[in-house]
Amino acid sequence: MKWWPRPLEKGDMIRVRVGSVYHYGIFVSEDEVIQFGPPPTAEVMSDRQNFCVMASDIDAFSGGVIVEAASPETKEERKRFSPRKAVKLARGSMGEQGYDIIHNNCEHFVYWCVYGVKRSTQAEEARRRWHERPQLNV
């Protein structure tokens, strides 16, 4: 999967960089981006237990940061749901809770809406780094 700043289309997986992580959403229109929780700023990250699937406009989603859209490779494109179905799944999840930064975050949510599977490349990378860390044998 490649990510690029480009004109957005309904059903696109989009993301913005917030510090050292990305925040993901499903683009519906300039007035509606569906996401799991608000963008992770210091203020909102302290209250993760109240996160839910919500909508905001693109300006609130981006927080002034460049928005990137997913450009799936051919193999990924074949597995992708239609934009209409992705938006329907996202809208149908509005209000759902259960946010977990490792097992059920905003990236898991958008992959589920677009591909039908929960996946987080950020969580996978964190796990990989954890397993590859140097260990002291005593």
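The values are calculated or read from the model by the stated rules, or taken from the named source; none is laboratory data. This structure is a prediction, so every number in the text was calculated from the model and none was measured. A quick note on method: Cβ atoms are made from the backbone with ideal geometry, for glycine too, and the neighbour counts reach across all protein chains shown. These area figures cover heavy atoms from the full protein model, side chains too; ligands, DNA and RNA do not enter into them. Shrake-Rupley method; radii C 1.70, N 1.55, O 1.52, S 1.80 Å.
Computed values, structure above
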{"item": "Partner lysines for LYS2 [C-alpha distance under 17 Å; skip if fewer than 8 residues away on the same chain]", "result": "LYS75, LYS79"}
{"item": "Principal-axis tilt of helix 106-115 within the chain, Cα atoms, nearest 10 degrees", "result": "50"}
{"item": "Computed helical MRE - 222 nm, the chain, DSSP H runs ≥ 4 contributing -39500 (n - 2.57), nearest 500", "result": "-9000 deg cm²/dmol"}
{"item": "Cβ-derived FRET efficiency at R0 35 Å, ILE102 paired with TRP4, nearest 0.05", "result": "0.80"}
{"item": "Those aspartates and glutamates that a straight Cα-Cα span of less than 13 Å connects to LYS118, excepting residues fewer than 8 apart in one chain", "result": "ASP100, GLU107"}
{"item": "Per residue accessible area of the stretch 1-100, 1.4 Å probe, in Å²", "result": "57"}
